Amino acid sequence: MILTFCICSTLAYASNKIIEDETVISGLVTDVEGEPLAGVNIRVDGKVIGTATRPDGTFSLTVQQDPPLTLIVSIVGFRSQRIEITNSMVDDLEIALEEETISGGDLVVSASRVEESILKSPVSIEKMDVLDIQTAASPSFYDAIANLQGVDFSSQSLTFKSINTRGFGANGNTRFVQLIDGIDNQAPGLNFSVGNIVGISEIDLESAELIPGSASALYGPNALNGILLMNSKSPFEYQGVSFNIKQGVNQIDSEIEDPSLYQSYDFRYANAVNNKFAYKVTGSYLRAQDFVGQDYRDQSGIVERGDYERGDRRVFNGVNIYGDDILNLGSIADGLIAGGGAQGAQTAAIRSLIPDGPRGNFSAPGFRESEFVDNTTESLKLGTALHYRINDEYEILGQYNIGYGSTVYTANDRFVLDDFNIWTAKLELRNENFFLRAYTTQEDAGDSYAANTVATRVNQISYITPYFQTFAGARTQGATIEEAHAAADNAATASQQQYLPGTPAFDRAVDSLRSLSIADGGARFVEKSDLYHVEGMYNFSEIIDPETVELVAGGNYRIYDLNSEGTLFAYEDVNNEEEFDINEWGAYVQASKSFLDDQLNLQGSVRYDKNEYFDGQFSPRVSALFTIADQHNIRASYQTGFRIPTTQDQFINLDVVSRLLIGSNQTLVDRYRFETNTVYTAQSVDDAQQIANSGGSAADARAALEAVEFEEFETEKVQTYELGYKSMLFDRLMVDAYYYYSSYTDFIAEIQFVQGVPNGLAEDPGAFDSDSDAGKDAIINGGVVTQEYGFDVNADGTVNSHGWGVNLDLSLPKGFVVGGNVSYNKLLDQDDLIDQGFRASYNTPEWRYNVRFENREVVDNLGFGLTYRWQDAFFWESSFGAAVVPAYGTLDGQISYKLNDYNTILKLGGSNLLNERYTTSFGNPKMGAIYYFSVTFDQFLN
C-alpha cells in the first residue's frame with residue numbers, strides 16, 4: 001500500500017509539473033586517438049532522458065532542467081565518464097573515452113536492485129556484456145554462459161540447456177531462475193526455463209548478469225541456487241539496423257548422421273524519434289540437425305556394467321532405447337483379471353502357471369532414439385517494443401515476444417517438443433527510482449510427445465500382447481517357464497517385424513499415438529497453462545537522503561492458470577474438467593548504509609512470500625562490504641532462500657509407463673486414498689518379493705514392507721554463509737574469490753511407493769485391507785492389482801554443502817588477455833539422504849575450470865579468442881536414471897576480422913574444436929563439434 005501510494009504520488013506530481021527550465025548540450029565523443037565513437041550512451045544522472053552518438057560520434061541533447069547536471073557517458077569496452085554540466089548552453093563538448101580490456105568498471109543492478117560497481121557488489125555476481133557476446137567463440141551467447149565462474153550446464157539438445165550453480169543440478173532446473181527484461185523465463189506448466197529455445201534474440205541482448213547462490217531475498221521464490229538476468233537493448237540507446245548470419249556444420253564423424261548444416265539468422269532494427277518515442281523489432285531463426293542420445297548400455301542393473309547389445313537377454317533396458325521397460329507377466333495377468341470379462345476369467349484360471357518376480361520379468365526389444373525421433377531442431381523468435389518518454393523522468397514501454405521451437409529435453413522421459421511456443425507481453429512504467437510492470441506468459445506445447453511412451457505403446461500392440469498370449473498358451477500345453485519364454489519371444493519378435501521404425505505400420509501407429517493425448521492412451525501432452533504477474537519497486541532516495549539510508553521496497557502478485565486438458569495435471573473439479581489455479585504474492589524491503597567514509601557498507605533485506613497452498617515464508621539477507629585502500633573489497637553475507645514446489649510437484653498426474661506421477665497436494669493425497677489405503681515404498685516391496693521368491697516365510701516377507709507416512713508438504717529452504725574478495729590490482733589484474741556454506745532443510749525429493757488398487761485407481765478398495773496380513777501378502781505375491789507411484793516429499797534433517805571459487809583476469813601488453821576460473825562444490829550429507837531412501841541428486845562435478853586467452857585486436861582489425869573448459873567426473877541421478885558422467889574437456893575458438901568501412905565483423909569459429917564427444921548429464925546427447933562462419937553488421941559499429 002505504501003509502495004503504491006509513493007509511485008502514484010510521484011507520477012501525479014510529474015504529470016502536473018510545469019517545466020520551464022532547459023539545458024541544451026551537443027558535442028563529440030571519440031576514443032583517445034581521436035576516432036569518433038558511434039552508439040555511445042549519454043544519459044542524465046537521475047533521469048531517464050538520454051541519447052546515443054551518431055555514426056560520426058556527434059550528439060545533441062535537450063534536458064528540461066537548469067544546470068548543474070551530470071552526464072554519464074558509457075559504451076561497452078571503454079571506461080565510463082561522468083561529465084558535470086554547469087552552463088545551460090553547451091555546443092562544443094568533446095569527450096575522449098579510454099579503452100578498457102578488462103571490465104572492472106562494469107555496473108550491475110541485479111545484486112542489490114540498485115546500480116553499483118561490480119567490484120563493490122555485496123554478493124557474488126558474474127556479468128557478460130555486449131563485447132563478451134560479440135567475441136564469444138560459442139555458437140550462441142547462451143552457450144558462452146558456461147564459461148562463467150561456477151556455472152554448470154545440463155545439455156539436453158542444442159537449444160535446451162539447463163543452467164545451475166552450487167549443486168543440485170537438474171534437467172529443467174527449478175532451483176535456478178532466469179529473467180528476460182524482468183519476465184520470468186519459465187514455462188508455467190512444464191516448469192523449465194525455456195533458455196534459448198524461444199528466449200531472447202542474441203543480437204538484442206545487452207547484458208547477462210548471473211548471481212550464483214540464493215537470491216530469494218530480493219527475487220522471491222525458487223531463486224534457491226541462483227538467478228540469471230538477461231537485459232535487452234533499449235531502442236533509445238542502441239539504434240539502427242543490425243543483423244547476423246551464421247552458417248556452419250555439425251555432426252562431423254557422427255555415428256548416426258551425415259555432416260549437417262547449422263544455420264542461424266538474427267535481425268534487429270531500432271529507431272528513436274525526437275528522443276521521445278522509440279521502437280524496435282527483432283527476429284531470429286535457427287535450424288540444425290541436433291545431437292541425439294546414444295547411450296545404449298543396459299540400465300536394468302548397474303549402468304557402468306551394462307552391456308551395449310541385447311543379444312539373447314530376456315531383460316534389457318537400454319538408456320537411450322525406448323519401449324524396452326522391464327515388465328512382469330504376473331503383473332500383466334493381475335491387470336487382466338482385475339479388468340474382468342471373459343479374458344479376465346480365462347487368465348484367472350491359469351494364474352498359477354504365470355510367474356511373478358524375476359522369473360516373470362521380460363522386456364520388449366526397444367527402439368533407439370535415432371530411429372524414430374526427428375532430431376531437427378528449430379527456433380524462431382520474434383519481438384517488438386515501443387518506448388515513450390512521458391518527460392525527462394518517466395518512461396512507459398510495451399513489449400511483446402513470441403517464440404516457436406522444436407527440440408528434445410529430458411525429464412522422466414525424453415520429451416520431444418514439436419511446434420512448442422510461448423509468448424509474453426509486458427507493460428512497464430519506470431523512472432530512475434521505481435518501476436511498475438505487469439506481464440503474462442502464455443504457453444502451448446503444440447504437438448509435443450513423450451518418446452518412451454510412444455515406443456512402449458507401439459510395443460504393446462506389436463510385442464507385449466503376443467508375448468503374453470503365447471507364454472500363457474505354452475504353459476497350458478505343459479511348457480516350462482523358460483520354454484514358454486522362448487516360445488513367446490519367437491512369436492512376439494515375428495509380430496514386431498511389422499512395426500519396426502520405417503515400416504508403414506510403425507509410422508501409422510506413431511501418428512495415431514502422437515495425435516492422442518496421454519490421458520486418452522496416446523503419447524501427446526497438451527499444455528496451455530498461463531502465468532500472470534504484477535510487480536513494482538520503489539527507491540525512496542527522493543524522500544529519504546541516501547546518505548542517511550538507502551531504502552528500497554517492492555512487491556509482486558502472481559497467478560498460475562493450469563490448463564493441460566488432463567494430460568499433465570490433475571483436475572480440481574473432475575466433473576467439469578477444471579484444473580487448479582495457484583495464487584502467490586510477496587513483498588520485500590532493503591536498507592543500505594555506508595560508514596567510515598564509504599569504506600564500510602552494510603545492507604539488510606527481508607522478504608515475505610505467501611502461496612495459497614503453503615505457509616508464508618520470510619527470507620532475510622544481511623551483507624557487509626569493507627573496502628581497503630579503495631581497491632580491496634571484502635564481502636561477507638548471510639542469505640536465505642526457498643523454493644515453492646513447482647506446479648508439477650503440486651498437481652502432476654502423469655503416466656510415465658514405469659510409474660504414475662502424482663502431485664503432493666493434500667487434495668490428491670486424499671483423492672488417491674494414500675493415507676487410508678496404506679502404501680509401501682517400492683524398494684521395500686521389491687525386497688519382500690525377493691524374500692518370498694527365494695523361499696522365505698510369509699512373515700519375513702511382510703516384515704520387509706515399509707509403510708509411507710504422509711506429512712505436510714513444505715517449501716524447500718536454504719541458508720548460505722559466504723565470504724568473498726574482489727579487486728582490480730595494478731589496473732590490470734581482476735581477482736574474484738569466494739567461499740560458501742549452505743544448509744538445506746525440507747529438501748524436496750521424489751520417492752516411489754506401491755499401492756494395492758483392487759477396484760482401480762482412486763477407487764474405494766472395498767474389503768481389501770492393505771494393513772492386514774492378507775492384504776500385505778496380496779501385494780507381495782500378486783494377489784491384487786498394484787500401482788507404483790512417484791511422489792515428492794520433504795527429507796528430514798539438514799543437508800549441507802560447501803564450495804569455493806577463484807576467478808583471475810590479467811590484461812597483458814598489446815591487448816592480450818589471459819584469464820580463468822576454478823570452482824569446487826561438495827555435498828556433505830549425501831549418506832543422510834540415501835539412508836532416508838532418497839536420491840541425493842547433487843549432480844555437480846566437484847572440480848571444474850575454464851581458461852581463456854584472447855586479443856580483440858592482435859593486429860589491425862584482427863582478433864581471436866580461445867576458451868578451454870574442463871570438469872571432473874561425477875555421479876548423476878534423476879528420475880530418468882543414474883550413472884557416472886565421465887570427465888571431459890572441450891576447446892572453443894574464434895578469429896574475427898573487422899571491416900570498418902562496412903560496419904561488419906567476419907568471424908570463423910567453433911565449439912568443441914577437437915570434436916571430442918561428451919555428455920553433461922545421464923541420458924542426454926553426446927555433444928560434438930560445431931564449426932561456423934558468421935557475418936555481423938551493425939550500423940553503429942565502432
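The values are calculated or read from the model by the stated rules, or taken from the named source; none is laboratory data. No experiment lies behind these values; they were computed from the predicted model shown. Counting neighbours? That spans all protein chains shown, and the Cβs are built from the backbone with ideal geometry, glycine included. Accessible surface is based on the protein model in full, side chains and every heavy atom, while ligands, DNA and RNA are left aside. Shrake-Rupley method; radii C 1.70, N 1.55, O 1.52, S 1.80 Å.
Show the residue pairs that are 6+ apart or on different chains and have beta-carbon atoms under 7 Å apart, the first residue being within segment 913-926 and aromatic (Phe, Trp, Tyr), the second being modelled with pLDDT under 95 and assigned to a loop (DSSP other than H, G, I, E, B). Listed pairs, sorted by first residue: 918/926; 922/880. Residues of segment 79-105 that are under 39 Å from the mean Cα position of the chain (by Cα) and over 25 Å from residue 392 (Cβ atoms): 79, 98, 99, 100, 101, 102, 103, 104, 105. Of all residues assigned to segment 878-887, none qualifies as being surrounded by 15 or more Cβ atoms within 10 Å (Cβ to Cβ), closer than 23 Å to residue 808 by Cα and without any contact (Cβ under 8 Å) to a residue 60 or more places away in the chain. Residues of segment 722-779 that are among the aromatic types (Phe, Trp, Tyr) and in a strand (DSSP E or B): 725, 738, 739, 740, 741, 744, 753. Within the set 249, 273, the sole residue that is open to solvent by 50 Å² or more (accessible area, probe 1.4 Å) and either of a type outside the set (S, T, N, Q) or over 30 Å from residue 925 (Cα atoms) (or both) turns out to be 273. Looking only at segment 70-81, residues that are open to solvent by 60 Å² or more (accessible area, probe 1.4 Å) and closer than 16 Å to residue 51 by Cβ come to 1 in all. Among the residues making up segment 535-557, those that are more than 20 Å from residue 601 (Cα to Cα) and either of a type in the set (A, V, I, L, M, F, W, C) or in contact with a Pro (Cβ under 9 Å, 6 or more places away or on another chain) (or both) are 537, 543.
Filtering segment 247-272 to residues that are among the hydrophobic types (A, V, I, L, M, F, W, C) and at pLDDT 95 or above leaves 249, 261, 267, 270. Within segment 247-284, the set of residues being in contact with an Asp or Glu (Cβ under 8 Å, 6 or more places away or on another chain) and not small (Gly, Ala, Ser) comprises 251, 266, 268, 280, 282. Scanning segment 714-729 turns up one or more residues that are within 22 Å of residue 191 (Cα to Cα) and surrounded by fewer than 20 Cβ atoms within 10 Å (Cβ to Cβ). Taking each residue of segment 343-365 that is within 16 Å of residue 482 (Cβ to Cβ) and looking for partners that are in a helix (DSSP H, G or I) and of a type in the set (Phe, Trp, Tyr) with beta-carbon atoms closer than 8 Å, six or more apart or interchain, yields 354/471; 362/467. The single condition among (1) part of a strand (DSSP E or B); (2) open to solvent by less than 60 Å² (accessible area, probe 1.4 Å) that residue 840 does not satisfy is (1). Among the conditions (1) open to solvent by 10 Å² or more (accessible area, probe 1.4 Å); (2) closer than 18 Å to residue 870 by Cα; (3) without any contact (Cβ under 8 Å) to a residue 24 or more places away in the chain, the only one that residue 901 does not satisfy is (2).
When 321, 326, 337 are screened for being among the β-branched types (Val, Ile, Thr) and surrounded by fewer than 20 Cβ atoms within 10 Å (Cβ to Cβ), only 326 passes. Within segment 315-360, which residues are of a type in the set (Val, Ile, Thr) and at pLDDT 90 or above? Within segment 315-360, 315, 319, 321, 326, 332, 347, 350, 354 meet the criteria. Of everything in segment 352-383 that is basic (Lys, Arg) and closer than 28 Å to residue 312 by Cβ, the residue that is surrounded by the fewest Cβ atoms within 10 Å (Cβ to Cβ) is 359.
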